[in-house]
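Just below is one structure, and these are the notes that go with it.
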Amino acid sequence: MQTYTIREISRLFSLPLSTLRYYEEEGLLTNVQKSASGQRIYTQEHIDLLQANRHDTRAAQKAVRIRNG
């Protein structure tokens, strides 16, 4: 299975590292594994999810606001 680092995902989607960490904290990216050294490991599943939501950023932000009340 192909895996990706947070830096690779950041470059692929032109997102800051902090945004990817935020998505994980908020539960928008789940099942992010970590290597023995603590580095996040992303898979094609994460890429697919980010691609599906790429063009709908406003809806994702609204969902977080609703969820946080």
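The values are calculated or read from the model by the stated rules, or taken from the named source; none is laboratory data. In this text, all values refer to a predicted model and were calculated from it rather than measured experimentally. Cβ placement follows ideal geometry from the backbone for every residue including glycine, while neighbour counts extend to all protein chains displayed. Keep in mind that these areas ignore ligands, DNA and RNA; they rest on the heavy atoms of the full protein, side chains included. Shrake-Rupley method; radii C 1.70, N 1.55, O 1.52, S 1.80 Å.
Annotations for the structure displayed:
Per-residue answers, yes or no, for (1) modelled with pLDDT under 90; (2) small (G, A, S):
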position	(1), (2)
M1	yes, no
I6	no, no
E25	no, no
T30	no, no
D48	no, no
T57	yes, no
A63	yes, yes
N68	yes, no
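- Of all residues in segment 5-39, those satisfying the criterion of being outside any helix (DSSP H, G or I) and open to solvent by 50 Å² or more (accessible area, probe 1.4 Å) are S14, P16, L28, T30, N31, Q33, K34, A36, S37, Q39.
- Qualifying position, being out of contact with any strand residue (DSSP E or B) (no Cβ under 9 Å at 6 or more places or on another chain) and among the β-branched types (V, I, T), among I66, I47: I66
Each row is one residue, and each column tells you yes or no for (1) out of contact with any helix residue (DSSP H, G or I) (no Cβ under 9 Å at 6 or more places or on another chain); (2) more than 19 Å from M1 (Cβ to Cβ); (3) free of Cβ contacts under 8 Å to residues at least 24 places away in the same chain.
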position	(1), (2), (3)
E25	yes, yes, yes
L28	no, yes, no
V32	no, no, yes
A36	yes, no, yes
Q39	no, no, no
D48	yes, no, yes
R54	no, yes, no
